[in-house]
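Report on the following structure.
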Amino acid sequence: MGSDAETVRKPRFLCLHGFRTSGEIIKKQLNMKWPDSVLRKIDLVFADAPFPSQGKSEVEGIFDPPYYEWFQFNKEFTEYTNFDECLAYIEDFMIKHGPFDGLLGFSQGAILSAALPGLQAQGVALTKVAKIKFLIIIGGAKFRSPSVSDKAYASPIQCSSLHFLGETDYLKQYGMELLECCVDPVVIHHPKGHTIPRLDEKAKQTVETFLERIQKMLSENEEES
């Protein structure tokens, strides 16, 4: 790499892991499944959720504990416990470890990530940190409770966003509903289920193009300021 490439600031993303996993687990998953040509273009920071797992983790026996959860919810995913505490925890993490340009989330972390720009715009979350500009959503969906959704999706999500939809993912239809809330989303369809997918050549090019585009947006914004 030439000196010019080394001076370009990579887009910096806070990564929010899935339910009852951890920052270390999503880090391992991305490093195992995504090629260096993609990972080199992005600066990823991994957080553990604030609450220790309150039940069995689906990754037990595959990835070592500890496991964490961002908040708790009922079977219908319409009632959330410790949600405000979760938002405060994420903001505190962003203050301490930021600034961040975007959020990358999987599963519970993806649902959270996609809701945060709208909650931030409404002034109910992340009021002390810079505006979220970019989203990478893997196996995401919308919050169902009006207590969150009325604010999170009150306006179209303006962030540049990249979404992964798995053909056999049980959340696929809800991920497609989320797309309708986003302005000009980039979508990658993959044949797997509710997982962080490996990237075939076409997906790899799509991700690289997305990252190069947001890198250019960042560079232009910094030149203007």
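So here's what we get for this one:
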item	result
Condition met for PHE46 (open to solvent by less than 60 Å² (accessible area, probe 1.4 Å), modelled with pLDDT of 95 or more, of a type outside the set (S, T, N, Q) and in contact with a Lys or Arg (Cβ under 6 Å, 6 or more places away or on another chain))	yes
First in the stretch 178-205 and among the β-branched types (Val, Ile, Thr), second anywhere and part of a loop (DSSP other than H, G, I, E, B), Cβ under 6 Å, 6 or more apart	VAL183/PRO156; VAL183/GLN158
Filtered residue count, the stretch 94-119, keeping only those that are assigned to a helix (DSSP H, G or I) and under 15 Å from the mean Cα position of the chain (by Cα)	13
Count - residues of the stretch 27-57 that are within 23 Å of LEU218 (Cβ to Cβ) and touching a Gly at 6+ places or on another chain (Cβ under 8 Å)	2
Qualifying positions in the stretch 141-175 - more than 25 Å from LYS202 (Cβ to Cβ), open to solvent by 20 Å² or more (accessible area, probe 1.4 Å) and either among the aliphatic types (A, V, I, L, M) or outside any loop (DSSP other than H, G, I, E, B) (or both)	PRO146, SER147, SER149, ASP150, LYS151, ALA154
Residues of the stretch 176-225 satisfying the condition of being part of a loop (DSSP other than H, G, I, E, B) and under 18 Å from the mean Cα position of the chain (by Cα)	GLU180, CYS181, VAL183, ASP184, PRO185, GLY193, HIS194, THR195, ILE196, PRO197, ARG198, LEU199
Verdict on SER57 being of a type in the set (Ser, Thr, Tyr), more than 15 Å from the chain's Cα centre (by Cα) and assigned to a loop (DSSP other than H, G, I, E, B)	yes
Out of GLU24, GLU69, GLU58, sole residue that is touching a residue at least 12 places away in the same chain (Cβ under 8 Å), more than 21 Å from GLY102 (Cα to Cα) and surrounded by 13 or more Cβ atoms within 10 Å (Cβ to Cβ)	GLU58
Residue count, the stretch 178-225 (criterion: open to solvent by 80 Å² or more (accessible area, probe 1.4 Å), among the hydroxyl-bearing types (Ser, Thr, Tyr) and at pLDDT below 95)	1
Matching option when the condition is more than 29 Å from GLU180 (Cα to Cα), out of contact with any strand residue (DSSP E or B) (no Cβ under 8 Å at 6 or more places or on another chain) and either polar (S, T, N, Q) or open to solvent by less than 10 Å² (accessible area, probe 1.4 Å) (or both), among SER53, SER37	SER37
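The values are calculated or read from the model by the stated rules, or taken from the named source; none is laboratory data. Since we're looking at a predicted model, the values are computed, not measured. A quick note on method: Cβ atoms are made from the backbone with ideal geometry, for glycine too, and the neighbour counts reach across all protein chains shown. For accessibility, only protein heavy atoms count, side chains too; no ligands or nucleic acids. Shrake-Rupley method; radii C 1.70, N 1.55, O 1.52, S 1.80 Å.
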